[in-house]
Amino acid sequence: MTRTGWGALVVGVLVGLVGWTFAWEEARIIGLALVVLLGVAVLMALGGSRVDLDLQLHPVRVSPGGVADGSLLVSNPRSRRVAPADLEVPVGSRVEAFRMPSLGPGVRIDFPFPVRTTRRGVVLVGPVTTVLGDPFGLARRTLNASRTVELFVHPRTVNLPSLDAGLIRDLEGRPTQDPSLSDLDFHTLRGYLPGDDRRHIHWQSSARMSAASGTTSLMMKGYTDTRRSHLGVVLDARLDGYGDDDTFEIGVTAAASVAVRALRDEMDVTVVAGGHAVDRVGVARTLDGFARVEPDGTDLPALATRLVGLAPGTSITVVVTGAATSLAEAQRAATHLGPHVRVVVLRVAPGERSTTSTVAGLTFLTMGSLDDLTRLVRVVGGR
């Protein structure tokens, strides 16, 4: 029973008591009529109207301001006619309502509706419910909940130049200073030690050494470890560091633009953005992750630790944060990432002059305007 129904019941009982107490015929009729009407409404709400509901969206990924076409397909799989009912489709914070007529066996009907977007995020569409009740709104029953469909509103991205040229120049990876028994980056020669793999003997140097010394001397190839081209993107989601929502959205756009450019350069990409993370997936699913990002209180060292847990082989990490982030916190985050990871800190500071600098081994990029991101990324790429 709805609030209107409960109100009708109370009024009907009170008016009926007054009518019978004071022998007031009109009051008796009004009270009895309200109670009977409420009983009929309850019976109408208890009636069956089970139908199949299929909720669809096309496309499921749009940009802010885009429109998706929603469709609610209703079909009657039963062998008898179903009664009319109201259909309600939650679309974000609003509700689309439709009136379903009486459907015969096997009949299908489609209800189209638009889903308009204004800002980045995830719009939940559904679940659809069938509402049974009376025309006066005295009683109501909902059933037939359908699935929920997510509409991803991707952040806008900036078309950036390629990151791979200058960032990691060799196909095998970026060499480090860690010695290795077997790798692709040839570094030096050393003498043979018991237990060395003979596949790594440098025969020409061994022959020269043997001829010069008059003894049998074997020279082994020495290698250094290499790292694959793997980019980590860390997005600081603390709203206080940005100052307002608009600046935070600029940070999301900058981080998403760098990640998408790296994916198009066929690099491995791992993103940790506030409370969400995506690891080595395609462009669409990476942007899905950015669409889910909401303000979060996690600090940079914790985000860096999570990145290392997901992708310990990261070779370069771009940290996107607000202008209020301190140098000490950025250094702590870099410590968690490890000594062999190149760290680039992109500070979103609208109104400031866009600059580049190197402090304590970290590359700092101050972005005063989103239009300057392309020029700043060229610095990241070593151009």
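Some points to look at:
- Normalised contact order of the range 282-383, rounded percent, pairs of Cα under 8 Å and 6 or more residues apart: 21
- The GNM of the chain, with springs linking C-alpha atoms under 10 angstrom apart, assigns the highest mean-square fluctuation among 37, 303, 239 to 37.
- Where both bridge residues fall in the chain, DSSP classifies roughly 70% of the beta bridges as antiparallel.
- Peptides ranked, highest mean first, by Cβ atoms within 10 Å: ranges 57-64, 28-35, 341-348: 341-348, 28-35, 57-64
- Sites residue 143 and residue 266 - FRET efficiency at Förster radius 51 Å, r taken between beta-carbons, to 0.05: 0.55
- Helix-only [θ]222 nm of the chain, DSSP H runs n ≥ 4, -39500 (n - 2.57) each, per residue, nearest 500: -9500 deg cm²/dmol
- Computed over the chain with a Gaussian network model linking Cα atoms closer than 10 Å, the most mobile of 296, 196, 52 is 196.
- Expected-Rg normalisation [2.2 N^0.38 Å, Cα atoms] applied to the chain: 1.60
- The C-alpha atoms of the chain define a longest principal axis, and helix 203-213 lies at about 30 degrees to it.
- Relative contact order for the range 1-142, counting Cα pairs under 8 Å that sit 6 or more residues apart, in percent: 28
- Most mobile of 232, 121, 19 in a GNM of the chain (Cα contacts under 10 Å): 19
- Per-residue surface analysis assigns residue 1 an accessible area of about 90 Å², computed on protein heavy atoms at 1.4 Å probe radius.
- In the chain, the longest principal axis of the Cα atoms and the axis of helix 327-337 are about 80 degrees apart.
- In this simple spin-label approximation, residue 81 and residue 327 carry label points 7 Å from Cα along the Cα→Cβ vector, and these lie 8.1 nm apart.
- Length-normalised contact order of the chain in % [C-alpha pairs under 8 Å, at least 6 apart]: 13
- Neighbours of residue 330 by Cβ distance under 12 Å: Lys/Arg scored +1, Asp/Glu scored -1, total -1.
- The C-alpha atoms of the chain define a longest principal axis, and helix 3-21 lies at about 20 degrees to it.
- Between residue 88 and residue 375, full extension at 0.36 nm per residue minus the direct alpha carbon distance yields a gain of 98.4 nm.
- An ellipsoid equivalent to the range 316-383, defined through the eigenvalues of its Cα gyration tensor, has semi-axes of 20, 14, 8 Å when rounded to whole angstrom and sorted largest first.
The values are calculated or read from the model by the stated rules, or taken from the named source; none is laboratory data. Bear in mind the structure is a predicted one, so any value in this text is a computation, not a measurement. Cβ: placed from backbone, ideal geometry, glycine included. Neighbour counts: every protein chain shown. To get the accessible areas, we keep the full protein, side chains included, count just its heavy atoms, and leave off ligands, DNA and RNA. Shrake-Rupley method; radii C 1.70, N 1.55, O 1.52, S 1.80 Å.
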